[in-house]
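> So that we are looking at the same thing, I have put the structure below in structure tokens.
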């Protein structure tokens, strides 16, 4: 598995429109997923050790964000026959295992990941109520060991955005396994 970092995307970039289905076949439009104050978009999957390590944090941040009227959506861009652990039926298992109460969508054509310029799992984007990117970076400063985290960067960004304060423009990239692009 190739380790990659998220690419730098200019803050203020408008969230691309998209429509994807969850593993049960229900369609969701990106613009309809927004909370009153914004949307957290996480490109992730079921097999990458980086994604697996932070899945519980993503689930907790989604609940935390909902209290601030910021919604969350997870998107799996690794729908690829060479990676059966990321297939939609396995996504259903992950949803149940983690008790996810936000959409976990399948990007079967990988077009949404492409337009977002997602590179790795996890790749994290926080958009404000105006659908503008305010944060594109890592969850915190220790993906391996949650007990060793000293700075929760995504949570800080969510707090600042929800309170109408500026989000620190100095952001550290997320890192994880490369997206398994189809040839």
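Bear in mind these aren't lab numbers, they're just calculated from the coordinates by the rules spelled out. Here the structure is a predicted model, which is why all the values come from computation and not from measurement. Neighbour counts are summed over all protein chains in view; Cβ atoms, including those assigned to glycine, are modelled from backbone coordinates with ideal geometry.
> Considering only C-alpha atoms, what is the centroid distance from the stretch 106-177 to the stretch 55-103, in Å?
15 Å
> Okay, next question. Within a 10 angstrom radius of the beta carbon, how do 9, 95 rank from fewest other beta carbons to most?
9, 95
> Right, something else. Calculate, in nm to one decimal, what residue 97 and residue 129 gain on full extension: separation in residues at 0.36 nm each, minus their alpha carbon distance. Write down the numbers at each step before the final one.
Numbers: separation 32, 0.36 × 32 = 11.52 nm, distance 3.04 nm.
My answer for the length gained is 8.5 nm.
> Also: Where both residues lie in the chain, what percent of DSSP beta bridges are antiparallel, nearest 5?
65 percent
> A further question follows. List the relative contact order of the stretch 104-183 as a percent without decimals, with contacts defined as Cα pairs under 8 Å and 6+ residues apart.
Computed over the stretch 104-183, the figure is 34 percent.
> Taking the beta-carbon count within 10 Å as an exposure proxy, list 42, 149, 93 from fewest neighbours to most.
In order of increasing Cβ crowding within 10 Å: 93, 149, 42.
> On to the next question. Quick one: length gained pulling residue 26 to residue 89 fully straight, 0.36 nm per residue minus the C-alpha distance?
Result: 21.3 nm gained on full extension.
> May I have the convex hull volume per residue, in Å³, for the Cα set of the chain?
Details: hull volume 19.7 nm³, N = 183.
Taking the convex hull of the Cα positions in the chain, it is 107 Å³ per residue.
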